[in-house]
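Chemist: Can you read through this structure? Questions will come right after.
The values are calculated or read from the model by the stated rules, or taken from the named source; none is laboratory data. Because the structure is a prediction, the values reported are computed rather than measured. Glycine also receives a Cβ, built like all others from the backbone with ideal geometry; neighbour counts cover every protein chain displayed.
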Amino acid sequence: MTDSFFSSNFLMDLIANYPLVKSFLAGSFSGTFSTIVFQPLDLVKTRLQTPVNASIGTNQSASMITIFGKILEKDHLPGLWKGITPSIARVIPGVGLYFSSLHWLRSFTTKGYESEPGAFEAVVLGMAARSISGICLIPMTVIKTRFESGVYQYGGVAQAFKTIYRNEGVRGLSCGLLPTLFRDAPFSGLYLMFYTQTKSAIPADWMNSNANAPIHFSCGVVAGLLASFVTQPADVLKTKMQLYPEKFNGIMDVIFYVHKKYGMKGYFKGLAPRMLRRTLMAAMAWTIYEQVTKSIGLK
C-alpha cells in the first residue's frame, strides 16, 4: 500500500513538474483515441495499395467500397480493425514522442512558447519532430503495414518482430525508412504550417470561446487535406517497400516500378481513404491535444 502510494505520488510529481512528460502523455492519449476510431480507413488504404487486394476498375470510391465489403464478408466487423495492435503499439510512444519532441524543439525557436511559430519555423519543427519519432518507431511501422496488407499471416506483434528479424535482419525491420520519412516528415511540417497559419487567421476571441474545439478541428481538417495530397506518392512507395523488400533494391526501383505498372495515377493509389483518415485523425489528435494540454496547465 505504501509503495503504491509513493509510486502514485512520484508519477503525479513527474507529470506536474516536467512539461515534456505532459506533452508525451497528452500526445499518446490523443493519438491512441484517434487511431482506434480511424483504423478501418488505414486498413483499406493499405489494401488498395496491395496488388492482390486491389479491386478491378479505375473508380477509387468503388474500390474503397469493394474492399470494405470484402473485409466485412471475410472477417466481419472486427476485421476492419486488423492491425490495431501494432498501430496502438506504434502510436502510444510515437505520437507521444512527436508532441514531446515538438514541445522541446520549440524552446530553441525565436518565439519559444509565447506565440505560434511562423510558417518556416512550423515546417522545420514539424519535420524534425516527426523524423525523431519516425526513426525510433520504424520497426512497428513495418509490422503494422504487413498486418494490414493481408499478405502476411503473423500470430502477433512479437512473432512478427521475431520472424522479420530472423528472415530479413535489421534491414527488414527498417525497410521503407526513407520513403516513410519522405512521407511523414513533410506531412508533419506542412500540416503544422497550415494548421498554425489557419489558426492565426481566426479572431482571438473565437479561439478563446467555448467553441474553440470545433475551430481547432476545422483548422486541422484544412491542414490535413493539403498535407495528405502532397505526401501521397511517398506513402505508396513506403507501402511497396515494406510489403515486398526482396523485390526492390532501393527507392528508385520502387519509383520506376510504380510508374511502369500504373503510370502517374499509381502514385496516388489509396489517396481517398488515406486523405480521409490522416485528415480526420490528425485533426482529432490535435484538437484533443490542445484541450488536454490546456486542462493540465501546459498552455
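Rundown of residues vs (1) surrounded by fewer than 22 Cβ atoms within 10 Å (Cβ to Cβ); (2) modelled with pLDDT of 75 or more; (3) closer than 27 Å to residue 262 by Cα, yes/no style:
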| position | (1), (2), (3) |
| --- | --- |
| 53 | yes, no, yes |
| 56 | yes, no, yes |
| 79 | yes, yes, no |
| 87 | no, yes, no |
| 109 | yes, yes, no |
| 117 | no, yes, no |
| 120 | yes, yes, no |
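Chemist: Has the range 275-283 got any residue that is buried (at least 19 other Cβ atoms within 10 Å of the Cβ), modelled with pLDDT of 85 or more and outside any helix (DSSP H, G or I)?
Modeler: no
Chemist: Being in contact with a Phe, Trp or Tyr (Cβ under 9 Å, 6 or more places away or on another chain) and either assigned to a helix (DSSP H, G or I) or in contact (Cβ under 8 Å) with a residue 12 or more places away in the chain (or both) is the filter; apply it to the range 245-256 and report the residue that is surrounded by the most Cβ atoms within 10 Å (Cβ to Cβ).
Modeler: Taking the candidates together, the pick is 254.
Chemist: Report, ordered by the first and then the second residue, all pairs with beta carbons closer than 7 Å, sequence separation of six or more or different chains, a first member in the range 174-197 that is at positive phi, and a second member that is assigned to a helix (DSSP H, G or I) and modelled with pLDDT of 90 or more.
Modeler: Going by the 7 Å Cβ cut-off, the qualifying pairs are 176/142.
Chemist: What tally of residues in the range 129-162 results from selecting those that are of a type in the set (A, V, I, L, M), assigned to a helix (DSSP H, G or I) and touching a residue at least 60 places away in the same chain (Cβ under 8 Å)?
Modeler: Total meeting the criteria: 3.
Chemist: Hey, another quick one. State the number of residues belonging to the range 67-95 that are more than 16 Å from residue 156 (Cβ to Cβ) and not in a helix (DSSP H, G or I).
Modeler: Going through the range 67-95 one residue at a time, the tally reaches 1.
Chemist: Mind listing whichever residues of the range 103-157 are among the aromatic types (Phe, Trp, Tyr) and within 22 Å of residue 189 (Cα to Cα)?
Modeler: Selection gives 104, 108, 113, 120.
Chemist: Right, here's the next one. Starting from residues that are buried (at least 16 other Cβ atoms within 10 Å of the Cβ) and part of a helix (DSSP H, G or I), keep the ones in the range 163-177 and report whichever is farthest from the chain's Cα centre (by Cα).
Modeler: Result: 163.
Chemist: Quick check on the range 257-269. Is at least one of its residues surrounded by 21 or more Cβ atoms within 10 Å (Cβ to Cβ) and modelled with pLDDT of 85 or more?
Modeler: yes
Chemist: From the list 242, 291, exactly one residue is surrounded by 14 or more Cβ atoms within 10 Å (Cβ to Cβ), among the polar types (S, T, N, Q) and at pLDDT below 85. Which is it?
Modeler: None of the other options fit; the residue is 291.
Chemist: Still on this structure, I have one more. Return only the number of the condition from (1) of a type outside the set (Phe, Trp, Tyr); (2) under 30 Å from residue 150 (Cα atoms); (3) outside any helix (DSSP H, G or I) that residue 202 does not satisfy.
Modeler: If we test residue 202 against (1) of a type outside the set (Phe, Trp, Tyr); (2) under 30 Å from residue 150 (Cα atoms); (3) outside any helix (DSSP H, G or I), just (2) comes out false.
Chemist: Out of the residues in the range 201-228 meeting the condition of being surrounded by 15 or more Cβ atoms within 10 Å (Cβ to Cβ) and more than 21 Å from the chain's Cα centre (by Cα), tell me which one is modelled with the lowest pLDDT.
Modeler: Result: 207.
Chemist: Sort out which residues of the range 180-200 are at pLDDT below 90, closer than 20 Å to residue 235 by Cα and among the polar types (S, T, N, Q), and write them in order of number.
Modeler: 180
Chemist: Same structure again: Being among the basic types (Lys, Arg) and under 30 Å from residue 168 (Cα atoms), is that true of even one residue in the range 195-202?
Modeler: No, the range 195-202 contains no residue that is among the basic types (Lys, Arg) and under 30 Å from residue 168 (Cα atoms).
Chemist: Mind checking which residues of the range 259-290 are of a type outside the set (Ser, Thr, Tyr) and touching a Leu at 6+ places or on another chain (Cβ under 7 Å)?
Modeler: 269, 270, 273, 275, 276, 277
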